[in-house]
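Participant: For reference, the structure I am asking about is given below.
The values are calculated or read from the model by the stated rules, or taken from the named source; none is laboratory data. Treat the numbers as computed from the prediction; the structure is a model and nothing was measured. Here Cβ is always computed from backbone atoms with ideal geometry, including for glycine, and neighbour counts include all displayed protein chains. Keep in mind that these areas ignore ligands, DNA and RNA; they rest on the heavy atoms of the full protein, side chains included. Shrake-Rupley method; radii C 1.70, N 1.55, O 1.52, S 1.80 Å.
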Amino acid sequence: MQIRVIPGSNAAIYRQIADQIRRAVVSGQLAVGDPLPSVRQLAKELVVNPNTVAKAYAELVRDGVLETQAGRGAFIAKRRDVFTKTERLRRLDAALDTVISEALTLGFDRDETLERLRLKLDRLDVAKP
Amino acid sequence: MADPYAIRAVRLTRYFGSRAVVRDLDFVVPRGSIVGLLGLNGAGKTTTIRMLMGFLDPTRGRSELLGRNSRELTPEDRSRIGHTVEGHFLYPWMRVRDCERFARETHRHWDGALFEQAVRRFGIDTAAKVSWLSRGQRAGVSIASTLAAEPELLILDDPALGLDPVSRRALNETIIEFCESGERTVLLSSHLLDDVERVADRVAVMVDGRVLVDATLDDFRSRVAAWSLELPHDPSLHHMIPGLVHSRPVGSRWHVTVADPDAETTASIERLGAASVERLEVSFEDAVLAYLSRSRVGHSFYRGEAS
């Protein structure tokens, strides 16, 4: 996968890196057990401070997206629930609020929005029932 | 390693005549870090660097590089410190490989491969004459000569001034690679906020000869807050908002930026009675500009009838 960072945006660079890795995992671009480049290697590739990459990785490890094996580097972890049900719901609601307000602003009605969401989910293998 | 700091300044002060250019500067650079030194022109960055390097005596206070007093650096100490000046002076009649030979003679350690690699990254032909090179390429030669001496501490005074995008990229790559081992330290003065956000892990912001901020990038960013308020008039006209940097109209709303917000700030925002209050995300650039423009608040046009 290709990670890109844009300085000067509202999201800190470590956040951009973490979000892109998260997205790649969700979309299936990265699978369980896939290795990630080392902190130094990715820092060099993206031309960013190594501490910035380390911070992104640390956050992903904390959230259970990555696991590190001593001497072998970081890998995509098997999904496990590190958050409580309530916390997961809270995060989902926050994300949906953005989607809903955007959809309404753009003039889509309830059915159109739901249909679009279903279509997106269908495209991802992971979310299929 | 006994001393955790590569640079330490204690109440460093310098007057030129009756004007204090650097005032009571307390500031440290931890070993292994890349620190971006930011500030408007005339904020005292170059004067500070000249004092750190021992080229200029402080009026008061002192500073240490790699644990040695700046005023008593021996040639041995200096061989462990790399320094580039603004503008990257080189002799125009020399060829690039003469520049290397010249620099090699004056340094204790020399890594020729590192020089080659850095020069190549800037797209420079070693047979070229300095006078044929672009400004970015001259910067490349100057930085390559500084790095090839394998300093433990690198002090770059506005190295990116006037560089084209390709040379800027090469400069950033060179700095990151130079620090790969995590043992080398860089102090980088710059006006290019995007580049500092990329390569630095800490920032120091100088305003009017003082260091107002000395923090990690993320801590720094969290010290500036902004709100979007739905109000018919400028909230700063009739209300006191602690730490206010500026307020400006955006459509039918007012955007208010505050440095070092505390409970009182939040309370004062609530007291404004806006129809809606929205907290805004603050980018690194917003945060830097907030501090730099605050320096002008006291002097002139911001207080009172802010535009």
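Participant: Identify, please: which residue in region A:38-47 is surrounded by fewer than 18 Cβ atoms within 10 Å (Cβ to Cβ) and more than 8 Å from every other protein chain (Cβ to nearest Cβ) and is, among those, nearest to residue A:7 (Cα to Cα)? It would help to see each step written out before you state the result.
Facilitator: Within region A:38-47, the first condition is being surrounded by fewer than 18 Cβ atoms within 10 Å (Cβ to Cβ), and the residues that meet it are A:38, A:40-41, A:44-45.
Then drop every residue that is not more than 8 Å from every other protein chain (Cβ to nearest Cβ), which leaves A:38, A:41, A:45.
Values: A:38: 21, A:41: 19, A:45: 15 Å.
Checked region A:38-47; the qualifying residue nearest to residue A:7 (Cα to Cα) is A:45.
Participant: Something else now. Within region A:1-23, take every residue that is part of a loop (DSSP other than H, G, I, E, B) and open to solvent by 40 Å² or more (accessible area, probe 1.4 Å) and give me the one that is nearest to residue A:75 (Cα to Cα).
Facilitator: A:1
Conditions (1) hydrophobic (A, V, I, L, M, F, W, C); (2) over 15 Å from the mean Cα position of the chain (by Cα); (3) buried (at least 18 other Cβ atoms within 10 Å of the Cβ), marked per residue:
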| position | (1), (2), (3) |
| --- | --- |
| B:34 | yes, no, yes |
| B:37 | yes, no, yes |
| B:43 | yes, no, yes |
| B:47 | no, no, yes |
| B:59 | no, yes, no |
| B:65 | yes, yes, yes |
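Participant: Restricting the search to region A:48-99, which residues are without any contact (Cβ under 8 Å) to a residue 24 or more places away in the chain, within 14 Å of another protein chain (Cβ to nearest Cβ) and either under 23 Å from residue A:28 (Cβ atoms) or of a type in the set (Val, Ile, Thr) (or both)?
Facilitator: Answer for region A:48-99, where residues must be without any contact (Cβ under 8 Å) to a residue 24 or more places away in the chain, within 14 Å of another protein chain (Cβ to nearest Cβ) and either under 23 Å from residue A:28 (Cβ atoms) or of a type in the set (Val, Ile, Thr) (or both): just A:98.
Participant: Please verify whether region B:135-146 includes one or more residues that are buried (at least 21 other Cβ atoms within 10 Å of the Cβ) and either basic (Lys, Arg) or within 14 Å of another protein chain (Cβ to nearest Cβ) (or both).
Facilitator: So far as region B:135-146 goes, yes, one or more of its residues are buried (at least 21 other Cβ atoms within 10 Å of the Cβ) and either basic (Lys, Arg) or within 14 Å of another protein chain (Cβ to nearest Cβ) (or both).
Participant: Confirm whether residue B:108 is open to solvent by 50 Å² or more (accessible area, probe 1.4 Å), in a loop (DSSP other than H, G, I, E, B) and basic (Lys, Arg).
Facilitator: Criteria met by residue B:108.
Participant: Would you tally the residues in region B:68-87 being open to solvent by 80 Å² or more (accessible area, probe 1.4 Å) and closer than 15 Å to residue B:159 by Cβ?
Facilitator: 1
Participant: Scan region A:5-37 for residues that are more than 10 Å from chain B (Cβ to nearest Cβ) and either more than 21 Å from residue A:83 (Cβ to Cβ) or touching a residue at least 12 places away in the same chain (Cβ under 8 Å) (or both) and report the count.
Facilitator: The qualifying residues number 20.
Participant: Out of everything in region B:220-234 that is buried (at least 18 other Cβ atoms within 10 Å of the Cβ) and not in a loop (DSSP other than H, G, I, E, B), what residue ends up being farthest from the other protein chains (Cβ to nearest Cβ)?
Facilitator: Top of the filtered list is B:229.
Participant: Can you name the residue in region B:278-294 that is within 12 Å of chain A (Cβ to nearest Cβ) and part of a helix (DSSP H, G or I) and, of all such residues, is nearest to the chain's Cα centre (by Cα)?
Facilitator: B:288
Participant: Name the residue, out of A:77, A:58, A:95, that is of a type in the set (Gly, Ala, Ser), in contact with a Gly (Cβ under 7 Å, 6 or more places away or on another chain) and within 30 Å of residue A:39 (Cα to Cα). Full working, then the answer.
Facilitator: Values: A:58 fails: in contact with a Gly (Cβ under 7 Å, 6 or more places away or on another chain); A:95 fails: in contact with a Gly (Cβ under 7 Å, 6 or more places away or on another chain).
From the options A:77, A:58, A:95, the qualifying one is A:77.
Conditions tested, residue by residue: (1) at the interface with chain A (Cβ under 10 Å from one of its Cβ atoms); (2) surrounded by fewer than 19 Cβ atoms within 10 Å (Cβ to Cβ); (3) part of a strand (DSSP E or B); (4) among the hydroxyl-bearing types (Ser, Thr, Tyr).
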site: B:195; (1), (2), (3), (4): yes, no, no, no
site: B:198; (1), (2), (3), (4): yes, no, no, no
site: B:205; (1), (2), (3), (4): no, no, yes, no
site: B:218; (1), (2), (3), (4): yes, yes, no, no
site: B:236; (1), (2), (3), (4): no, no, no, yes
site: B:240; (1), (2), (3), (4): no, yes, no, no
site: B:245; (1), (2), (3), (4): no, no, yes, no
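Participant: Next question, about the same structure. Which of the residues spanning region B:227-243 are farther than 13 Å from residue B:291 by Cβ and in contact with a helix residue (DSSP H, G or I) (Cβ under 9 Å, 6 or more places away or on another chain)? Don't jump to the end; show me each part of the working.
Facilitator: Filtering region B:227-243 down to residues farther than 13 Å from residue B:291 by Cβ leaves B:227-242.
Of everything in region B:227-243, those that are farther than 13 Å from residue B:291 by Cβ and in contact with a helix residue (DSSP H, G or I) (Cβ under 9 Å, 6 or more places away or on another chain) turn out to be B:227, B:229, B:235, B:239, B:240, B:241, B:242.
Participant: Could you list, in sequence order, all residues of region B:247-277 that are within 23 Å of residue B:215 (Cα to Cα) and in a loop (DSSP other than H, G, I, E, B)?
Facilitator: B:260, B:261, B:262, listed by residue number.
Participant: Among the residues of region B:154-193 satisfying the criterion of being acidic (Asp, Glu) and crowded, with 21+ Cβ neighbours inside 10 Å, which is nearest to the other protein chains (Cβ to nearest Cβ)?
Facilitator: Ranking the candidates gives B:158 first.
Participant: I've got another one for you. Considering B:282, B:288, which residue is out of contact with any Lys or Arg (no Cβ under 9 Å at 6 or more places or on another chain) and touching a residue at least 40 places away in the same chain (Cβ under 8 Å)?
Facilitator: Matching residue, one of B:282, B:288: B:288.
Participant: Still on this structure, please answer the following. Would you mind telling me which numbered condition in (1) over 30 Å from residue A:38 (Cβ atoms); (2) in a helix (DSSP H, G or I); (3) under 17 Å from the mean Cα position of the chain (by Cα) residue B:161 fails?
Facilitator: The failed condition is (2).
Participant: Being of a type outside the set (Lys, Arg), on the phi < 0 side of the Ramachandran plot and not in a helix (DSSP H, G or I) is the filter here, so list the residues in region B:171-193 that pass it. If you could, list the steps in order and put the result at the bottom.
Facilitator: Let us first name the residues in region B:171-193 that are of a type outside the set (Lys, Arg), namely B:171-183, B:185-193.
Now narrow it down to the ones that are on the phi < 0 side of the Ramachandran plot: B:171-181, B:183, B:185-193.
The answer is B:179, B:180, B:181, B:183, B:185, B:186, B:187, B:188, B:189, B:190, B:191, B:192.
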